[in-house]
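Here's the structure, in structure tokens; my notes come after.
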Amino acid sequence: MFAVLKTGGKQYKVQSGDTLRVEKLAADAGETVQFNDILMLGGDTTVVGAPLIAGAGVQAEVVDQIKGEKLIHFVKRRRKHSSQRTKGHRQKLTLIKVTDILTEGADKTGVKAAVGAGSVGAVAVAATEAKTPAKKAAAPKAEAPAGGDDLKKLSGVGPALEKKLNAAGVTTFAQVAAWTDADVAAIDEQLSFKGRIEREGWIEQAKDLAKG
């Protein structure tokens, strides 16, 4: 029997006993977690969700917290005061081993839900608990000077992303440069950036740009 689950914005086809790497989960090695976003179940018969299959789940044991292969990020600005920078990045991942595929009753097991590390605050998330706005970390909204900065100078930021950042109260390089890990996690979750801030190195870029 196999299942297709969704986590970290990706889909995985798994069977009991499979070992795979997923986007970092808020769990320690040895813990058992349950994936509740199941898109398909296959075996003697195939069941397709619309989009999810109610009551289905995949349980897995967390083997270790690891990092992916190193990626090189190179930025070069073609301006009067040109600059270039090379930065390495290793994505944080969680190694898991699938232990069980549940076709029904997953909502009653009480097993800890598999949730991304960036979406977990001080409140523990139960397997059957839906996310509510009150439990999401508030995005930083520091005061900004009138006019703001051209955030499109940050790598990977176009008009659409700049509009999202502005709507969240982020309008200057100084704000981005002052982000803490908690701020990054909050913005990442609120705007669904999926690790883009760390991947693109926005904070370091913003520090340079804020200096003028």
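The values are calculated or read from the model by the stated rules, or taken from the named source; none is laboratory data. The structure presented is a predicted model; accordingly, all values stated were derived computationally and were not measured. All Cβ positions, glycine included, derive from the backbone under ideal geometry; neighbour counts span all protein chains shown.
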*Looking for whichever is assigned to a strand (DSSP E or B) and not hydroxyl-bearing (Ser, Thr, Tyr) here; the options are 3, 54. Which one fits?*
3
*Would you point out which residue out of 113, 117 is surrounded by fewer than 16 Cβ atoms within 10 Å (Cβ to Cβ) and within 16 Å of residue 6 (Cα to Cα)?*
117
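Is it the case that some residue within segment 155-174 is under 20 Å from residue 116 (Cα atoms), touching a strand residue (DSSP E or B) at 6+ places or on another chain (Cβ under 9 Å) and assigned to a loop (DSSP other than H, G, I, E, B)?
Going residue by residue through segment 155-174, those that are under 20 Å from residue 116 (Cα atoms) are none.
No, that holds for no residue.
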*When segment 14-36 is examined, which residues are found to be closer than 20 Å to residue 185 by Cα and either among the polar types (S, T, N, Q) or loosely packed, with under 15 Cβ neighbours inside 10 Å (or both)?*
28
*So residue 177 fits all but one of (1) surrounded by fewer than 15 Cβ atoms within 10 Å (Cβ to Cβ); (2) aliphatic (A, V, I, L, M); (3) modelled with pLDDT of 85 or more; what number is the exception?*
(1)
*Residue count, segment 86-110 (criterion: surrounded by 15 or more Cβ atoms within 10 Å (Cβ to Cβ) and assigned to a loop (DSSP other than H, G, I, E, B))*: 2
*Can you name the condition, by its number, that residue 79 falls short on among (1) modelled with pLDDT of 90 or more; (2) not in a strand (DSSP E or B)?*
(1)
*What are the residues in segment 1-13 that are surrounded by fewer than 19 Cβ atoms within 10 Å (Cβ to Cβ) and closer than 15 Å to residue 57 by Cβ, if any?*
1, 2, 4, 6
*Inter-residue pairs, beta-carbon under 6 Å, first under 18 Å from residue 57 (Cα atoms) and in segment 25-36, second of a type in the set (Lys, Arg), 6+ apart*: 33/112
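Between 137, 124, which is over 30 Å from residue 210 (Cα atoms), at pLDDT below 90 and in a loop (DSSP other than H, G, I, E, B)?
Testing whether each residue is over 30 Å from residue 210 (Cα atoms), at pLDDT below 90 and in a loop (DSSP other than H, G, I, E, B) leaves just 124.
With the requirement that a residue be within 20 Å of the chain's Cα centre (by Cα) and not in a loop (DSSP other than H, G, I, E, B), what does segment 33-51 give you? So that I can check it myself, show each step before the final result.
Taking segment 33-51 and keeping what is within 20 Å of the chain's Cα centre (by Cα), we get 33-39.
Listed by number, the residues that qualify are 33, 34, 35, 38, 39.
Looking at 191, 151, which one is modelled with pLDDT of 80 or more and in contact with an Asp or Glu (Cβ under 9 Å, 6 or more places away or on another chain)? Before the answer, list the steps.
Values: 191 fails: in contact with an Asp or Glu (Cβ under 9 Å, 6 or more places away or on another chain).
Of 191, 151, the one residue that is modelled with pLDDT of 80 or more and in contact with an Asp or Glu (Cβ under 9 Å, 6 or more places away or on another chain) is 151.
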